[in-house]
């Protein structure tokens, strides 16, 4: 009976997610679904890292070698340029292959700036998602049972049940969840769950995950189980603190790495919601433009004219993106953070760097996640694909904030030194930004 109730709880969570998909932002998907103009999520071609890899395979330019123990996992990671140091382990039963997952057999996640790969020991499929510049998160599987033919299969509606909701900003996206897990890994929904990103207090993060690394006196929800369902405050957080070896929790010998690096987890949390906000700004702008074109045709106005209400929607979505990318409301670290896998060193290496050797990828890990608090995903293909009117609004706001003309409390976490450094890094490493500022008649002087 207990297992039946646990399965029912997971089904209830999935149903709740479906209902959230159907109604968000005060509107229903019947009014503005993602599978109609101008989004057309499920139809048409995609141009993400996985679809590009499949094209190379079809053209004989790439091959996925099958590993008897790990299937296509090592080959997929190699072809997508994803390092094993990014490995994080989640043992809660909160994904569609949940029957294979347990505290003794966690699901492994690997990621880079463009793609995410999920591997479960003994499962028949490898899960992959990638970010398409126009559609957002795109989901794939590849069979782990066919060593002769490797082919990525795209999935839409079955994945969107959990990956399009208010938790993903109402767009096809990614998220990191923190739950109170029981001894089998089932989430105890009555105790509450948390969507986590860089604004989340550490003590709400990583329930149902393994975490390796040092974090001093700070506490999180990882590495432990909830024994008393009626009292979630009894979660033994001290027992899961500052763990550097998972040997006492599970056998990691069959994984690519023995780590579930705390720094990788923190970057993953920031990145998933940053991707979602880029997609949300893209969708909002394209919808505003699409509806404006319809009204313009009816009212015999110029086709590209935007009404004030359309501009407000674009500015609102762009502002949400700017606030997140500049780490407004980021949770403060009270003790230094250090990982165990070498992820931190590898993450910084790609840059780009300015003439002083500074990069948006430079980690802080003392009081905050990054030394220079502006998201590195400003260099991503998804950001570059934002409609020009949205990108112009983002760049205009960055100029106001970084040059100091914007002095609201919302951006008070950015010191004059932070603003100056970000201004110098961005003008050195993001040439398009300087071009747009010049077009708008804006200078880089503070």
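So, residue 36, is that one more than 30 Å from residue 345 (Cβ to Cβ), in a helix (DSSP H, G or I) and at pLDDT below 95 or not?
Judged against the criteria, residue 36 is not a match.
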With touching a strand residue (DSSP E or B) at 6+ places or on another chain (Cβ under 9 Å) and part of a helix (DSSP H, G or I) as the only criterion, which of 130, 75, 108 stands out? 75
Pull out all pairs, ordered by first then second residue, where Cβ-Cβ is under 8 Å, the residues are six or more apart or on different chains, the first lies in segment 29-56 and is under 26 Å from residue 151 (Cα atoms) and not assigned by TED's automatic domain parsing to the domain that holds residue 173, and the second is surrounded by 13 or more Cβ atoms within 10 Å (Cβ to Cβ) and modelled with pLDDT of 95 or more. none
Is segment 59-72 home to any residue that is in contact (Cβ under 8 Å) with a residue 12 or more places away in the chain, assigned to a strand (DSSP E or B) and outside the structural domain of residue 340 (by TED's automatic domain parsing)? yes
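For segment 242-260, check the following and say yes or no: at least one residue is part of a helix (DSSP H, G or I) and surrounded by 21 or more Cβ atoms within 10 Å (Cβ to Cβ). Give the derivation first.
Start the filter on segment 242-260 by keeping residues that are part of a helix (DSSP H, G or I), which leaves none.
No, segment 242-260 has no match at all.
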Enumeration of residues in segment 313-344 that are crowded, with 20+ Cβ neighbours inside 10 Å and either part of a strand (DSSP E or B) or in contact with a strand residue (DSSP E or B) (Cβ under 9 Å, 6 or more places away or on another chain) (or both): 327, 337, 339, 340, 341, 343, 344
Checked segment 405-415 for anything touching a helix residue (DSSP H, G or I) at 6+ places or on another chain (Cβ under 8 Å) and at pLDDT 90 or above; matches are 410, 411, 414
Yes or no: segment 278-301 includes at least one residue that is on the phi < 0 side of the Ramachandran plot, without any contact (Cβ under 8 Å) to a residue 40 or more places away in the chain and outside any helix (DSSP H, G or I). yes
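The values are calculated or read from the model by the stated rules, or taken from the named source; none is laboratory data. These numbers come from a predicted model, not from an experiment. Neighbour counts run over all protein chains shown; Cβ positions are idealised from the backbone, glycine included.
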